[in-house]
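Student: For reference, the structure I am asking about is given below.
Readers should treat all values here as calculations from the given coordinates under stated rules, not as data from a laboratory. These numbers were taken from a predicted model, which means no experiment stands behind them. Cβ: placed from backbone, ideal geometry, glycine included. Neighbour counts: every protein chain shown.
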Amino acid sequence: MSEQGVVAMSECLFRCNDIGKSFGEHPVLEHMNFALNAGEVVGLVGPSGCGKTTLLRLMAGLDAPSSGELSYRSANARRAYIFQESRLIPWLTVMQNLLFVTGKSAEGQVLAREALLAVDLAAYAGHYPDQLSGGMRRRVALARALAYGPEIFLMDEPFAGLDFPLRMQMIEFLNALFARKSMSVVFVSHDTRELVQLCDRVCIIGGTPATVRNVMTMMPKLGRKDAPGYLREMEDEMLRSMGP
Amino acid sequence: MVLSRFYPPAIIPPVERIGSALQGIVQSDVFFADLFATLFRVIWSFIASLVIGVGLGLAAGVRKAFLGVLHPVMVLAESAPPVAWLVVAILLFGMGHAPSMLVGMSAAIPIFFFNTVSAVKSLDRNLLEMAGSYQVPWIRVFFSVYMPGILLHAVSASSSSLSVIWRVVIMAEAFTSARGFGPQLWGAYLYSDAEVVYAYIALIVMLGFILEFGLIKPVSGWLDVRTGGGGNE
């Protein structure tokens, strides 16, 4: 199935062309077509276990596709993967966790400091991960990705395990960050509420093996607040597309 | 104290006689020379075992081929009695420091090796995958992820290694050296000087405790706090 609304490669940061992935005899993804444009936040939603994380791992280069190809606008496109867990190194401080990715050069230190400022955690640079709350650890993981200076952010359910108020707080925080930094993001979630608030476009995947079932282009984020019922409507449509 | 009532003083002397023998040893001219000779062998055996055991364990933990080759060698080293190593070491190196150090190493290297292999295998794969996804250079991954994880296991292994080295070095130096607690203990036994024998045993046990609780435990405790603090939900 081809994706709706795909733009020319010049604006497109990367594209999955007819990607398939099998584990042994078991196909997980099939004929997957997907594109990410510069400055766009694209959501991937589908039922649990449908292959969202598998697709994201293919995009990150952590796994290789069984068929099809991934094409990038620039050959060495830097991709930062934000995992479901923070994956912070427990014996390193917050700053050292960032320097682990950027290196200790003067430039690396500047990038790390700027990233901590961006996530409002500059005051916690000397803290260890176990001294931070769950939400703060997620923000450190986000800062690590920012410090890496990627073209593409790949977020795999970054709010998994957080309670509702913290999740809402993180959504607000991310929306502000996306706008400020003009980030290009693939955001995986099974929570439709997160996706309608964060994404410009949402790809609904499902089936066995999984394919793209529908692509929903959202109205600009600024207008969403003034359109009563819009988010609810989008959420309902998303749920309908995901099917039973 | 109880046993000394049932055995003659030549076998189990009264505690007060052992105490005065201990005082005599500590105040003797040769005490520090003996202490340093034994500590020299123990410490160098320990350092060499740590470096070799951790180095080989790291290689075996990362590459299965190394594990296949080294595992049987380490099992062999571990199962051979220290006295067998001692005879071989005397044949190879003659008398002096080397044989007792080699015997100490033969006992401690397998402990460090097996602990390091298990440390590498129990490293958090998620951290390694994260490092891979951010294309972190291997040298930085080694010093920031591998080394701290291994260090904790190495310190745990240090406790058992040190006590093993302490015991076998004192045994080995009794036969291969003129200076050290081992030769003094053996000499006291040969001259049937029971007070001195027990005084040296008490001294050896006390020094073992000091090394364990004064050095290994504090370092291990500090590392445990820093490396086992969690941080990922």
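Student: Please list, ordered by chain and number, the residues whose modelled amide H lies under 5 Å from the amide H of A:D191; skip anything fewer than 5 residues away on the same chain.
Tutor: Here nothing satisfies the definition.
Student: Oh, and also: May I ask for the net charge around B:I25, where only other residues with Cβ less than 12 Å from the Cβ of B:I25 are counted and Lys, Arg are +1 while Asp, Glu are -1? Display every interim value, and only then the final one.
Tutor: Values: positive: none; negative: B:D29, B:D34, B:D193, B:E195.
Net charge in that neighbourhood comes out at -4.
Student: Counting each DSSP H run of 4 or more residues in the protein assembly as shown as -39500 (n - 2.57), what helix-only mean residue ellipticity at 222 nm follows after dividing by all residues, to the nearest 500 deg cm²/dmol? Working shown, then result.
Tutor: On the way: 20 runs with 272 residues, N = 477.
Calculated mean residue ellipticity at 222 nm is -18500 deg cm²/dmol.
Student: Apply the Karplus parameterisation 6.51 cos²θ - 1.76 cosθ + 1.60, with θ equal to phi minus 60°, to every residue of the range A:167-182 and state each ³J(HN,Hα) to the nearest whole Hz, in sequence, with x for glycine and proline.
Tutor: Rounded to whole hertz, the list is 5, 5, 5, 5, 4, 4, 4, 5, 4, 5, 5, 4, 5, 5, 9, 6.
Student: Among DSSP beta bridges whose residues both lie in chain A, state the antiparallel percentage, nearest 5.
Tutor: Once the DSSP bridges in chain A are tallied, antiparallel ones form about 50 percent.
Student: Calculate one ³J(HN,Hα) per residue across the range A:42-55 by plugging θ = phi - 60° into the Karplus curve 6.51 cos²θ - 1.76 cosθ + 1.60, and present them in order as whole Hz with x for glycine and proline.
Tutor: Karplus values, whole Hz, x for Gly and Pro: 10, x, 10, 10, x, x, 4, x, 7, x, 5, 5, 4, 5.
Student: Using only alpha carbon pairs under 8 Å that are at least six residues apart, calculate the relative contact order of the range B:52-124 and give it in whole percent. Walk me through the numbers before you get to the answer.
Tutor: Values: 64 pairs, mean separation 37.2, N = 73.
Rounded, it is 51 percent for the range B:52-124.
Student: Could you tell me the center-to-center distance, by alpha carbons, between the range B:83-103 and the range A:207-244 in angstrom?
Tutor: Computed from Cα coordinates, the inter-centre distance equals 77 Å.
Student: B:A178 to B:Q135: FRET efficiency via 1/(1 + (r/R0)^6), r the Cβ-Cβ distance, R0 56 Å, to the nearest 0.05? Provide the component values of the computation, followed by the final result.
Tutor: Numbers: r = 59 Å, r/R0 = 1.05.
Step by step, r from the Cβ atoms, then E = 0.45.
Student: Can I ask one more? Return the average number of partner chain Cβ atoms within 10 angstrom of each residue Cβ along peptide B:135-145. Walk me through the numbers on the way to the answer.
Tutor: Working: counts 6, 5, 1, 0, 0, 5, 1, 0, 1, 7, 4.
Rounded to a whole number, the mean comes out at 3.
Student: Moving on. How about the range B:164-209: which chymotrypsin sites (Phe, Trp or Tyr not before Pro) there lie in a loop by DSSP and see at most 10 other Cβ atoms within 10 Å? Can you show the working numbers first?
Tutor: Numbers: sites: B:W166, B:F175, B:F181, B:W186, B:Y189, B:Y191, B:Y198, B:Y200, B:F209; in loops: B:Y191.
Here the chymotrypsin sites (Phe, Trp or Tyr not before Pro) that fit, given the DSSP loop and packing criteria, are B:Y191.
Student: Something else: Can you give the mean number of other chain Cβ atoms that lie within 10 Å of the Cβ atoms in peptide A:118-127?
Tutor: Counting other chains' Cβ atoms within 10 Å and averaging over A:118-127 gives 0.
Student: Of B:S79, A:L239, B:F142, whose Cα points farthest to the positive end of the dipole of the protein assembly as shown (charges on the beta-carbon: +1 Lys, Arg; -1 Asp, Glu; origin at the Cα centre)?
Tutor: B:F142
Student: Students often get this wrong: which residues of the range B:104-146 have the backbone nitrogen under 19 Å from the point 7 angstrom along Cα-to-C-beta of A:A77?
Tutor: B:133-135
Student: Now, a different point. Any of A:K181/A:K221; A:K21/B:K64; A:K52/A:K221 with alpha carbons more than 18 Å apart? Name them for me. Don't jump to the answer; show the numbers that get you there.
Tutor: Details: A:K181/A:K221 15 Å; A:K21/B:K64 28 Å; A:K52/A:K221 24 Å.
Listed pairs above 18 Å: A:K21/B:K64; A:K52/A:K221.
Student: How tilted is helix A:230-242 with respect to the longest principal axis of chain A? Cα atoms for both, answer in degrees (0 to 90, nearest 10).
Tutor: 60 degrees
Student: Out of the DSSP beta bridges found with both residues in the protein assembly as shown, what percent are antiparallel (nearest 5)? Before the final figure, lay out each step's value.
Tutor: Working: 19 of 37 bridges.
Antiparallel: roughly 50 percent of the beta bridges in the protein assembly as shown.
Student: Determine the relative contact order of chain B: mean sequence separation of Cα pairs under 8 Å and six or more apart, normalised by residue count, in whole percent.
Tutor: Reported as a whole number, the value is 28 percent.
Student: Compute the acute angle (0 to 90°) between the alpha-carbon long axis of helix B:194-211 and the principal axis of greatest extent of the alpha-carbon atoms of chain B; round to the nearest 10°.
Tutor: Helix B:194-211 sits roughly 20 degrees off the main axis of chain B.
Student: Give me the inter-chain shielding for A:134-141: mean count of other chain Cβ atoms within 10 Å, whole number please.
Tutor: Working: counts 2, 0, 0, 3, 1, 0, 1, 2.
Partner-chain Cβ atoms within 10 Å, mean over residues of A:134-141: 1.
Student: Another question about this same structure. For the Cα atoms of chain B, what angle does the longest principal axis make with the long axis of helix B:181-190, in degrees from 0 to 90, nearest 10?
Tutor: Rounded to the nearest ten degrees, it is 30.
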